Amino acid sequence: MLTELAAFRETRGTAEVPVHYTTDDGVRLGEWLYRQVKRWRTGVLPEDERAVLELFGVSPRPRRRGPRREVPRT
């Protein structure tokens, strides 16, 4: 799943995956990431897994409100 997250981040410029996002291969990346963040918030996610998600720019904090936009690539 981390490979899929890396691919998403590479193409979109962000690791903010919509919860209903499914890859072309049928992988439910959004649902997986939602569950990981939920486990993080409740303190169940192991430290090593948290560290990897942080490297991708994932945070346990709530997302910003409003329309989701892709981050422009520089």
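The values are calculated or read from the model by the stated rules, or taken from the named source; none is laboratory data. It should be emphasised that the depicted structure is a prediction, and the values quoted were computed from it without experimental measurement. Areas reflect the complete protein model, heavy atoms only, side chains present, ligands, DNA and RNA absent. Shrake-Rupley method; radii C 1.70, N 1.55, O 1.52, S 1.80 Å.
For the reader, a short list of remarks on this structure follows.
- Answer from ARG35, ARG68 - the residue that is more than 21 Å from GLU10 (Cα to Cα) and either of a type outside the set (A, V, I, L, M) or modelled with pLDDT under 90 (or both): ARG35
- Filtered residues of segment 24-45 (kept if farther than 18 Å from ALA7 by Cα and open to solvent by 50 Å² or more (accessible area, probe 1.4 Å)): ARG35, LYS38, ARG39, ARG41, THR42, GLY43, VAL44
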